[in-house]
Structure formats: structure tokens, C-alpha cells
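Colleague: If you scroll down you'll find the structure; I have some questions about it.
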Amino acid sequence: MRRLWTKFLPVLPITVVVVSSVAGSVMGSLVGDRAIAASPQDVMNQLDAASSRKDVKAVMQFYSPNFSNSDGLNTQSLEKSLTQLWQQYPNLTYRTEVKSATPVSTGMQVETTTYVTGKQERNGQQWTITSTLRARQRFQGDRIVRQEILAEQTVLTLGEKPPTVKINLPETVVVGQKFNFEAIVQEPVGDDFLMGTIVSETVQPTLFASQKTMQIEFPSIAELLSERELNRPQSTPPTVQRLKLQRLRAGGFFKQAQAAKMPETRWISAVLARHDAGITIATQRLRVVGKSEANRTASLPNL
């Protein structure tokens with residue numbers, strides 16, 4: 001069995017979540033007092049530049065000491081996560097668009113879409129990262145006091161010919177609702193071996209503070225041909241997230257699931273690989289909400 005090791009912070013999707021959250025939040029500050037003399041796009045460009053050069057102090061000056069977001073982060077945990085993140089991903093770049101800015105009773109509400117791209121090289125292997133995130137910020141004066149992550153999609157690829165994967169998953173579902181999850185490889189598979197697995201994890205603040213090494217395990221040729229998994233007892237340390245790929249008979253995943261009975265947010269990822277050709281990890285955020293929240297977000301466009 002072949003293994004591929006790479007460090008992430010702490011689970012694959014979380015890395016981009018932090019990046020996108022910061023870019024979206026910082027971009028929202030264009031409605032504050034500092035932006036009176038500049039157009040929204042001008043301020044957006046300046047703040048994207050600050051994020052792209054990994055200036056944590058410049059980024060954090062736009063946050064209120066009482067800042068919180070829907071993933072459970074506060075000012076201290078956000079700054080720590082950013083510092084760790086940019087040590088792992090030194091080549092990320094940001095582009096954020098402000099979609100709306102609406103006065104509210106306690107300040108200004110700003111909705112943004114953030115685009116993040118970058119590369120990470122580990123042990124001679126280069127990962128390519130692309131992410132799109134939509135967020136809603138609440139400003140008081142020129143500082144962000146509250147942020148809500150509305151939608152998120154992330155794709156990481158490795159290798160010469162990683163599969164092109166299309167994800168079909170609703171961004172928001174009502175508690176207890178059934179939903180479909182599809183991760184479809186767009187190229188013909190032909191006689192090649194297609195392998196994969198699904199990862200689902202609840203978004204919680206403790207994940208942002210930890211670091212894990214992701215271990216992707218490929219089945220051996222014998223396992224691929226026999227479609228039987230060989231018994232290999234193995235203990236996994238708590239700092240390692242083990243992803244064991246299995247041979248797929250179809251060109252992707254086609255699953256139905258039921259949402260939790262209580263509101264929560266999850267990352268659902270499809271890990272898909274061709275034999276010795278490349279790996280794609282496609283992730284989308286799934287928000288499980290009550291009926292009132294579902295009605296409030298029904299008019300938002302999808303990413």
C-alpha cells in the first residue's frame with residue numbers, strides 16, 4: 001500500500017476557511033471610517049494586498065476586541081490561526097468583491113465573495129489550492145464585530161493529471177432534511193483505476209488551533225484487482241488524519257444522507273485519485289439550519 005503524507009492545518013478544508021474568512025472580513029472594512037476618502041474597490045485592493053503579503057498585524061487592526069464568527073473564532077484564536085496558516089501556505093493570494101453594503105441599527109452589514117489561490121510544496125510534491133467563500137460581516141465604526149460564513153467551496157489538486165471533480169451539494173439544508181451528495185469526475189475513466197473516499201467533519205473552533213498530518217493511503221495493485229482490502233492492523237497517532245482510498249466502480253460518489261436534528265456546520269470532502277496520475281480533494285461547506293434561517297438565506301445566489 002502506497003502512502004502520501006502532507007501537513008495541513010488541521011484538517012484540509014480548515015486551512016482555506018481561515019484564509020477566506022480573513023479576506024472576506026478585511027474587505028468588509030471598506031465601509032468604515034478609514035474608507036471615506038477612497039472608493040470601495042480601492043480599499044478592497046489595499047486590504048487584499050495586506051492579506052497577500054501575510055501582514056497579520058495589519059489584518060487584525062480591522063477586528064473589534066469582541067469579534068466573533070459563526071465558526072466559533074474570536075480575535076485571539078483568529079490571529080493564532082492566521083500565523084500558523086501563513087507559515088504553512090506562504091504563497092496564498094486574495095481577491096475579494098463586495099456584493100452589498102447595507103446600513104443597520106448597529107452599524108453596517110457587508111456581504112463579500114472571496115477568491116483564494118495558492119500553492120504548497122511538501123517533500124517535492126506541489127499542491128494547488130483554489131477557494132471561493134461568501135461571508136456576511138457586521139461593522140461598528142471601522143471594525144468587524146461579527147462574521148457569518150454563508151458558503152464555501154475549496155479544491156486542492158496534486159499531480160500531473162488530477163481528476164476534474166464537480167460537486168453537487170446544497171449549501172444549506174433544514175434540520176432533519178434528506179439531501180444528495182455527488183462528486184463526479186468529469187473526464188472519462190476508461191480502463192484507469194479510480195480511487196476515493198469521503199470525509200465529513202463538524203466545524204468547531206478547536207480544529208483551528210490544532211495541526212495534523214494527513215496520510216492518504218492508496219490500495220495496492222493486488223487490492224485493486226481483487227477489490228478486497230488486505231488486513232493491516234495499524235495504530236494512528238492523534239496528530240495524523242488517515243484517509244484510506246478505495247477503488248470506485250463508478251466515476252465518483254453518489255450518496256444520500258440526512259441532516260442532523262440540530263443546527264450545525266460541516267465540511268464534506270470528496271478525495272478522488274487516478275492511479276499514479278493525480279489527486280483532487282474537493283470540499284464544500286454544508287450548513288444545517290432551522291426553518292427560519294433557511295427562509296432568510298433562500299434568496300442568496302449560490303457560489
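Colleague: Just check the stretch 48-90 against the gyration tensor rule for me: Cα atoms, a ≥ b ≥ c as the square roots of the eigenvalues, rounded for a/c under 1.5, and otherwise prolate or oblate depending on whether a/b exceeds b/c.
Modeller: oblate
Colleague: Related question: Under a point spin-label approximation (7 Å from Cα along Cα-to-Cβ), what is the T164-N123 distance to one decimal in nm?
Modeller: Rounded to a tenth, the inter-label distance reads 3.0 nm.
Colleague: Give, as a single signed number, the net charge of other residues whose beta carbon lies under 12 Å from the beta carbon of L82, with Lys and Arg counted +1 and Asp and Glu -1.
Modeller: Net local charge, L82 excluded: +1.
Colleague: Once amide H atoms are built 1.01 Å from N in the peptide plane, which residues 5 or more positions from F193, or in another chain, come under 5 Å H to H?
Modeller: Correct list: H275.
Colleague: Rank by packing, highest mean first: peptides 64-71, 272-279, with packing defined as the count of other Cβ atoms within 10 Å averaged across residues.
Modeller: Order by mean packing, descending: 272-279, 64-71.
Colleague: Take the Cβ-Cβ distance between E187 and K261 as r, set R0 to 45 Å, and report the resulting FRET efficiency rounded to the nearest 0.05.
Modeller: 0.70
Colleague: Packing-wise, with mean Cβ within 10 Å as the measure, how do 256-262, 244-250, 134-140, 281-287 rank, highest first?
Modeller: Highest mean packing first, the order is 281-287, 134-140, 244-250, 256-262.
Colleague: Further question: Show which lysines lie in cross-link reach of K166 when reach means a straight Cα distance below 24 angstrom and same-chain residues fewer than eight apart are skipped.
Modeller: K119, K178, K244, K255
Colleague: Would you mind counting up the charge near E97? Only other residues with Cβ under 13 Å from its Cβ, with Lys and Arg at +1 and Asp and Glu at -1.
Modeller: +1
Only the coordinates and a few stated rules stand behind these numbers; no lab work does. Since the model is a prediction, treat every value here as computed from it, not as a measurement. Every residue, glycine among them, receives a Cβ derived from its backbone with ideal geometry; neighbour counts consider all protein chains shown.
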